[in-house]
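Read the figures in this text as sums done on the coordinates, not as results from a lab. Predicted, not measured: the structure shown is a model, and the values here were computed from it. Here the Cβ positions follow ideal geometry from the backbone for every residue, glycine too, while neighbour counts run over all protein chains shown.
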Amino acid sequence: MYEEASHSLLNDILNRLKPEISDQDLRHFYTRLGANFYAIHTLFHRLYGERPDFARQMQRLVETMARQYIQRSEQLRRIDIERERDFNWFLSQQWVGMALYSSGFAGTLNGVREHVSYFQELGVNLVHIMPLMQCPEGASDGGYAVSDFRAVDPRVGTLNDLSALATEMRNRDLLLVLDVVLNHTSNEHEWARRARAGDPVYQDYYYTYATRNVPDLFEQSMPEIFPETAPGNFTWDERMRRWVMTVFNEYQWDLNYSNPAVFIEMLDIILHWANQGADILRLDAVAFLWKKMGSTCQNEHEAHLILQLLKDCTQVTAPGVLFIAEAIVAPVEVTKYFGEDAVIAKECEIAYNATFMALLWDSVATKNAKLLRQGIRNLPVKLDRATWLNYIRCHDDIGLGFDDRDIEAAGYAPRDHRKYLLDYFTGRHEGSFARGVPFGQNLKTGDARISGALASLVGLETALAHDDDEAIEDAIKVILLLHGMILSFGGIPLLYYGDELGTLNDDSYLVDPHKSRDTRWVHRPTIDWDKAERRNVPGTIEFRIFVALKRMIAVRKELEVFADFNNREVHEVANPHLFVFERYSLMRHHPSVLVVGNFDPRPQSLDLREVGNWGQFPYGRIVDHFPGQRPDMVHSTLVVPSYGICWLSAKW
Ligand code: GLC
């Protein structure tokens, strides 16, 4: 019955759309809409069915999809069809990503275009350009406070520059990833301006309240995201004379998704950027999309419905475009952003693997893999046609969001262990060379996170200051070990710009009043291209890191078992310093790869008889793909060098 009703509704909607679109070839659009309409209607009804204007909003939703389809270029429509056929295309080991700020990387979008060959030199073929939409001059949370979702920030370029870059990238088979900040706008966005001027239509785009009553109730259960710089979750707006929900900074106004007009606006914006040539859209802060009093206002069921609906609508208009979920939440919650109770991804196809990232940092500090193994054992299996984004550093802080039970199972007391990690990475711990900076310290909860560039966190900065060659060598090894991990774990490795050259902390943010209180700026570098040239000069730090990474990336691309088809098994081994997992072939003819990482500064041994049937291979049959040599072995015992990583296969 319901299905029939939704089909007759579809016919009605299409009839009303006809005059506008009669001269278009909409066969693909109609087929996809027909296939997805039941789901779209059900989800939209679940979210907004109670409203008297539901039918009108539903009409607007379909119009939005149709209008954007009409505007989609022939070339992008062709790519959509190719990707529909080869639907697992993004699970391949061929993809290697890098995230960057265009301003820091090369000044402007045109600057990025001039440097595209740099990506290819390294082997990077997926480039995430962090927020490039227009944002206020002063503080803008690194571009995550958007004042115009359809314009490019003039400081980095124009829509034409972006289009030229997208074309250049497509010609070179590089994927473009762009951010869409779904959860909030800047307080200077047109919608916020209108709300401030008293327009009730736009006040309903946000959560605004005349008194403290509702905000006070919300506050009882909502945590603080930026406790030092933006305590609380509401801000008084003098002009509007109302409180407005601002979960992040006080100038970032949370959008009200219980209003279907907001949903439709944001879908339109997603499709707009899809039509500008983005292959993948990173959906920012997705855990926060739905607010419910009495909850933390994170990971609510409705947030998942919104994402499913965004996906289904995008499936109709731009099916080649993938979503990345930026949800830095507990492992059991993260996997739900692929889709709750689903078999294949039905919300976002890709999700940040913040769990693996934080666990890797734990191993760096403790020099063992106890918590890493424990945490990965409890990382839920990802869905089919879904994959992780594996990273070591990004533009944000490192949160120590491990599960307390995992910390205990690894043999530590949770509170003490977190304190140890914080002290270690901020260099307060004896024996630590790390030069991180605390971020988001919450005096009420004792919680804190860590900022810092990869190279500074692993001790390169201190080692250089002390002119300590051995420590320099160690830091480089750790940088390569960590990259070796994200390149082999399963998923898309996402490098962070500058790390491939060993870029250190940059303190220059301290003199900018709009940045000085946000320590994340310490690891958002400006690339010095003269210095980057040293990657061609043997012996330099840049050369040692860049060239080794480039080799590792090339080797990753050769190893088909590194494609992500849930083909990983973590091995429990006696030696606590080693993290050992196997990437096995689902197709017999590709040899498995055994990945062994040593987090200790001393060489460590592993008896391969502990690891499945690896002990049965006679000496000489095992090769290490990365250096491309036979590894050090004594009978069945493998010797893993200090901070070393091996990618082993048996050759017959
Ligand atoms: C995401 C971004 C972060 C930003 C926040 C609010 O977490 O990665 O940089 O501060 O969203 O937009």
>> Among V262, N566, W361, whose Cα projects farthest towards the positive end of the dipole of the chain, with charges put on the beta-carbon of Lys, Arg (+1) and Asp, Glu (-1)?
In response: N566
> In debye, nearest 20: dipole of the range 142-271 around its Cα centre with unit charges on the Cβ of K, R (+) and D, E (-)?
Replying inline: 240
> Based on the Cβ-Cβ distance from K367 to E558, what FRET efficiency comes out when R0 is 25 Å, to the nearest 0.05?
Replying inline: 0.25
> In nm, what is the difference between 0.36 nm times the number of residues separating E533 and S117 and their Cα-Cα distance?
Replying inline: 148.4 nm
> Any idea which of I129, H395, A230 is furthest toward the positive side of the dipole for the chain, if Lys and Arg beta-carbons carry +1 and Asp and Glu beta-carbons -1?
Replying inline: I129
> Quick one: if the Förster radius is 22 Å, what FRET efficiency do N213 and E190 give, using the C-beta to C-beta distance and rounding to 0.05?
Replying inline: 0.15
>> Report the Cα centroid-to-centroid distance between the range 474-539 and the range 543-591 in angstrom, as an integer.
In response: 23
> Looking at the range 568-650, what % of the alpha carbon pairs are farther apart than 19 Å?
Replying inline: 29
> Which angle between 0 and 90 degrees, to the nearest 10, do you get for helix 54-71 versus the longest principal axis of the chain when only C-alpha atoms count?
Replying inline: 60
>> Treating only the Cβ of Lys, Arg, Asp and Glu as charged (+1, +1, -1, -1), what charge dipole size does the chain show about its Cα centre? Round to the nearest 20 debye.
In response: 920
> Roughly speaking, what is the stretch gain from D632 to D173, that is 0.36 nm per residue apart minus the C-alpha to C-alpha distance, in nm to one decimal?
Replying inline: 161.4 nm
> What GluC sites (Glu not before Pro) in the range 508-579 are in a loop by DSSP, with at most 15 other Cβ atoms within 10 Å of the Cβ?
Replying inline: E572
>> In 20 Å bins starting at zero, report the fraction of Cα pairs in the chain per bin as a rounded %.
In response: 18, 53, 26, 3
> What shape does the range 368-527 take by its C-alpha gyration tensor, where a ≥ b ≥ c are the square roots of the eigenvalues and a/c under 1.5 counts as rounded, a/b above b/c as prolate, and the rest as oblate?
Replying inline: rounded
> Setting aside same-chain residues fewer than 8 positions from K292, which aspartates and glutamates have a Cα under 12 Å from its Cα?
Replying inline: E219, E300, E302
> So who's got an amide H within less than 5 Å of the one on A386, skipping anything under 5 residues away but keeping other chains? H placed 1.01 Å off N, in plane.
Replying inline: A345
> Using alpha carbons only, how many degrees (0 to 90, rounded to 10) separate the axis of helix 159-171 from the longest principal axis of the chain?
Replying inline: 50
>> Can you compute the FRET efficiency between R46 and E569 using 1/(1 + (r/R0)^6), with r the Cβ-Cβ distance and R0 = 35 Å? Round to the nearest 0.05.
In response: 0.35
> Label points 7 Å out from Cα along the Cβ direction at A197 and H514: separation in nm?
Replying inline: 2.4
> Using alpha carbons only, how many degrees (0 to 90, rounded to 10) separate the axis of helix 27-48 from the longest principal axis of the chain?
Replying inline: 80
>> Take the residue pairs K515/K550; K370/K477; K382/K444 and return only those whose Cα atoms are more than 23 Å apart.
In response: K515/K550; K382/K444
> How much net charge surrounds N536 when only the other residues with a Cβ under 14 Å from the Cβ of N536 are counted, with Lys and Arg +1 and Asp and Glu -1?
Replying inline: 0
